[in-house]
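Heads up: the structure comes next, in structure tokens.
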Amino acid sequence: MEIVASRRVQSIGSYAFAEVDREVEKLRQKGITPIDFGVGDPTIPTPEFIRKAAQAGVDRRQSSGYPSYVGALEFREAIAAWTHRRFGVKLDAESEIASSIGAKEAVFHFAEGFVNPGDLVIVPTPGYPPYSRGTLFAEGKVYYVPLLPENGFLIDLDAIPAEVRKKAKLIWINYPNSPSGAVASLDYLHRVVDFGQRNGILVASDEAYSEIYFGPEAPHSILEVAKEGVVVFQSLSKRSAMTCYRVGWLAGDARAISIFKKVKTNIDSGTATFIQDAAIAALADETHVEQSRAEYKFKRDILVGGLARAGLPDCTPQATIYLWQRVPKGMTSVELATRLLSPAVAIVTTPGAWLSDRTESGQNPGMGFVRFALVPSVEKTREAAEKLAALRL
Ligand SMILES: Cc1ncc(COP(=O)(O)O)c(C=O)c1O
């Protein structure tokens with residue numbers, strides 16, 4: 001019997017980080033432990049009070065029971081209360097919020113609810129892969145829009161052709177943006193809502209990095225502009241260093257949330273209830289978030305300093321846990337990442353070309369960049385900055 005992967009699975013390229021992993025393994029075999037700025041997985045411990053809330057949640061429910069598909073009302077009310085405190089937006093916990101198994105699950109499955117075969121989905125590139133993978137698995141077509149430094153890494157909405165607007169069902173935006181670290185102004189978010197409403201395109205706004213910012217002003221949510229025709233995706237992975245807990249949510253237009261809930265009840269049985277307990281505790285506290293913002297900012301400044309001393313252009317991000325560093329003239333992103341992996345330097349980054357897809361015009365907007373995820377410790381970040389400064393690129 002022949003076992004053949006579906007066309008959908010076959011259409012997916014290899015996992016970009018696997019190639020980095022192979023190089024890292026070669027260094028390890030030489031006895032070198034590289035400083036790893038590759039994958040964006042926080043190494044800050046999950047705060048103790050959050051871990052304790054999860055433990056208490058396990059003991060509180062000795063007979064397990066399935067969780068709610070879309071989140072216990074108590075969890076959704078905690079999300080509504082946080083959204084109101086943080087963005088001044090009132091949400092109806094019953095109809096305008098659904099929980100998800102991390103933002104990733106919801107991002108990937110969202111297209112299932114709205115996209116018919118052949119429909120277009122507008123996706124930024126570079127961007128989080130599940131925007132396009134979810135589209136492909138729903139048998140939609142991806143229309144990539146480039147995020148370019150000359151546009152402040154914002155999608156140029158005016159450049160989206162009329163025939164694309166006509167066929168598109170969804171547009172993904174992601175601000176604060178991974179990997180560029182760009183933040184969208186309220187004015188820009190107004191323009192996105194207007195674009196969606198004029199063209200009948202649902203706006204899916206991934207706000208997973210909204211809490212990791214460095215300026216005096218906290219980033220806005222698109223929900224401050226409108227709920228109609230808008231769905232926001234949120235996560236506690238970066239805010240509260242809870243990547244392993246797998247907890248996030250969607251919020252916005254009740255009609256879209258209702259459709260997603262229908263999809264969701266067919267996929268899984270919801271976020272574990274003790275994880276929701278931990279999430280409720282996390283949402284009630286801002287002190288740990290302020291501390292982690294301060295730590296990321298501290299590391300950002302150390303690394304930005306090292307890169308500047310190496311002769312590279314300034315890449316100071318306004319938000320997120322990433323630096324999107326332009327490579328020196330005449331070098332590709334893979335060449336710079338490979339040079340940084342040489343035994344004398346041993347710094348792991350991700351080449352921008354691997355985080356970015358080609359647009360219709362054949363351009364890969366990640367070609368000239370490498371990404372640093374600010375996850376190593378302060379000491380390791382300092383050591384890396386010194387090594388970079390000595391490089392003189
Ligand atoms: C842009 C973006 N959105 C969403 C997520 C998913 O977060 P979660 O851990 O909640 O699935 C990530 C994770 O890295 C991300 O980079």
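Going by what's in this entry, would ARG358 be described as in the same structural domain as GLU295 (by TED's automatic domain parsing), outside any loop (DSSP other than H, G, I, E, B) and either farther than 21 Å from LEU148 by Cβ or not small (Gly, Ala, Ser) (or both)?
Working: in the same structural domain as GLU295 (by TED's automatic domain parsing): yes; outside any loop (DSSP other than H, G, I, E, B): no; either farther than 21 Å from LEU148 by Cβ or not small (Gly, Ala, Ser) (or both): yes.
Here the answer is no, as ARG358 does not meet what is asked.
With respect to ARG293, determine if the residue is charged (D, E, K, R), more than 16 Å from the ligand (Cβ to nearest atom), surrounded by fewer than 20 Cβ atoms within 10 Å (Cβ to Cβ) and over 22 Å from the mean Cα position of the chain (by Cα).
For ARG293, the condition - charged (D, E, K, R), more than 16 Å from the ligand (Cβ to nearest atom), surrounded by fewer than 20 Cβ atoms within 10 Å (Cβ to Cβ) and over 22 Å from the mean Cα position of the chain (by Cα) - is not met.
Of these, PRO117, PRO129, PRO146, which one is in the same structural domain as TRP249 (by TED's automatic domain parsing) and within 12 Å of the ligand (Cβ to nearest atom)?
Details: PRO117 fails: within 12 Å of the ligand (Cβ to nearest atom); PRO146 fails: within 12 Å of the ligand (Cβ to nearest atom).
Answer to the check: PRO129.
How about the range 155-177: which of its residues are within 15 Å of the ligand (Cβ to nearest atom) and more than 16 Å from TYR144 (Cβ to Cβ)?
TYR175, PRO176
VAL370 passes all but one of (1) surrounded by fewer than 14 Cβ atoms within 10 Å (Cβ to Cβ); (2) within 15 Å of GLY127 (Cα to Cα); which number fails?
Only one criterion in (1) surrounded by fewer than 14 Cβ atoms within 10 Å (Cβ to Cβ); (2) within 15 Å of GLY127 (Cα to Cα) is unmet by VAL370, namely (1).
Is there a residue in the range 207-216 that is over 29 Å from THR316 (Cα atoms) and more than 9 Å from the ligand (Cβ to nearest atom)?
Going residue by residue through the range 207-216, those that are over 29 Å from THR316 (Cα atoms) are none.
No, the range 207-216 contains no residue that is over 29 Å from THR316 (Cα atoms) and more than 9 Å from the ligand (Cβ to nearest atom).
Residues that are under 18 Å from the mean Cα position of the chain (by Cα) and on the phi < 0 side of the Ramachandran plot: does the range 153-161 have at least one? Steps first, please.
The first filter runs over the range 153-161 and keeps only residues under 18 Å from the mean Cα position of the chain (by Cα), leaving 153-155.
Next, only the ones that are on the phi < 0 side of the Ramachandran plot stay: 154-155.
Yes, the range 153-161 contains a residue that is under 18 Å from the mean Cα position of the chain (by Cα) and on the phi < 0 side of the Ramachandran plot.
Only one of PHE110, PHE137 is more than 13 Å from SER356 (Cα to Cα) and either among the small types (Gly, Ala, Ser) or surrounded by fewer than 23 Cβ atoms within 10 Å (Cβ to Cβ) (or both); which? Full working, then the answer.
Working: PHE110 fails: either among the small types (Gly, Ala, Ser) or surrounded by fewer than 23 Cβ atoms within 10 Å (Cβ to Cβ) (or both).
After ruling out the rest, the residue left standing is PHE137.
Residues that are of a type in the set (Gly, Ala, Ser) and within 19 Å of the chain's Cα centre (by Cα): which helices (runs of 4 or more DSSP H) entirely in the range 179-287 hold 1 or more of them?
Numbers: elements: 186-199, 254-265, 273-283.
Output list reads 273-283.
Answer yes if at least one residue in the range 41-63 is surrounded by 19 or more Cβ atoms within 10 Å (Cβ to Cβ), within 16 Å of the ligand (Cβ to nearest atom) and farther than 14 Å from GLN276 by Cα, and no otherwise.
yes
Give me the pairs, please: first residue somewhere in the range 98-113 and under 15 Å from TYR69 (Cβ atoms), second residue anywhere and assigned to a helix (DSSP H, G or I) and within 12 Å of the ligand (Cβ to nearest atom), beta-carbon distance under 7 Å, and either six or more positions apart or on two chains.
SER100/ALA106; HIS109/GLY134
Any idea which residue in the range 228-247 is surrounded by the fewest Cβ atoms within 10 Å (Cβ to Cβ), counting only those that are away from the ligand (no atom under 11 Å from the Cβ) and over 18 Å from PRO176 (Cβ atoms)?
Per the stated criteria, the residue is GLU228.
What are the residues in the range 253-289 that are within 16 Å of the ligand (Cβ to nearest atom) and not β-branched (Val, Ile, Thr), if any?
Passing the criteria: PHE260, LYS264, ASP268, GLY270, ALA272, GLN276, ALA278, ALA279, ALA282, LEU283.
Restricting the first residue to the range 126-141 and requiring it to be hydrophobic (A, V, I, L, M, F, W, C), which pairs with a second residue that is part of a strand (DSSP E or B) meet a Cβ separation below 8 Å and a spacing of at least six or different chains?
Close Cβ pairs satisfying both conditions: LEU136/VAL142.
Go through the residues of the range 3-20 one by one and say whether even a single one is part of a helix (DSSP H, G or I), touching a residue at least 60 places away in the same chain (Cβ under 8 Å), under 23 Å from the mean Cα position of the chain (by Cα) and crowded, with 19+ Cβ neighbours inside 10 Å. Steps first, answer last, please.
Of the range 3-20, the ones part of a helix (DSSP H, G or I) are 7-10, 16-20.
When the remaining residues are screened for being touching a residue at least 60 places away in the same chain (Cβ under 8 Å), the result is 8, 16-17, 19-20.
The next check asks that each one be under 23 Å from the mean Cα position of the chain (by Cα); those that pass are 8, 16-17, 19-20.
Narrowing further to those that are crowded, with 19+ Cβ neighbours inside 10 Å: 20.
Yes, because at least one residue in the range 3-20 is part of a helix (DSSP H, G or I), touching a residue at least 60 places away in the same chain (Cβ under 8 Å), under 23 Å from the mean Cα position of the chain (by Cα) and crowded, with 19+ Cβ neighbours inside 10 Å.
Against the definition (more than 26 Å from GLY362 (Cα to Cα), in the same structural domain as VAL193 (by TED's automatic domain parsing) and within 16 Å of the ligand (Cβ to nearest atom)), how does ALA98 come out, yes or no? Give the derivation first.
Details: more than 26 Å from GLY362 (Cα to Cα): yes; in the same structural domain as VAL193 (by TED's automatic domain parsing): yes; within 16 Å of the ligand (Cβ to nearest atom): yes.
Taking the combined requirement at face value, the residue satisfies it.
Kindly list the number of the only condition in (1) assigned to a loop (DSSP other than H, G, I, E, B); (2) in contact with a Leu (Cβ under 9 Å, 6 or more places away or on another chain); (3) surrounded by 12 or more Cβ atoms within 10 Å (Cβ to Cβ) that fails for VAL24.
For VAL24, the exception is condition (1).
Taking the range 293-314 only, how many residues are of a type in the set (D, E, K, R), in a helix (DSSP H, G or I) and without any contact (Cβ under 8 Å) to a residue 60 or more places away in the chain? Can you show your working first?
Looking only at the range 293-314, we keep the residues that are of a type in the set (D, E, K, R), and these are 293, 295, 297, 299-301, 309, 314.
Filter once more, keeping what is in a helix (DSSP H, G or I): 293, 295, 297, 299-301, 309.
Now restrict to residues that are without any contact (Cβ under 8 Å) to a residue 60 or more places away in the chain: 301.
The qualifying residues number 1.
The values are calculated or read from the model by the stated rules, or taken from the named source; none is laboratory data. The structure presented is a predicted model; accordingly, all values stated were derived computationally and were not measured. In this analysis, Cβ positions are derived from the backbone assuming ideal geometry, glycine residues included, and neighbour counts consider all displayed protein chains.
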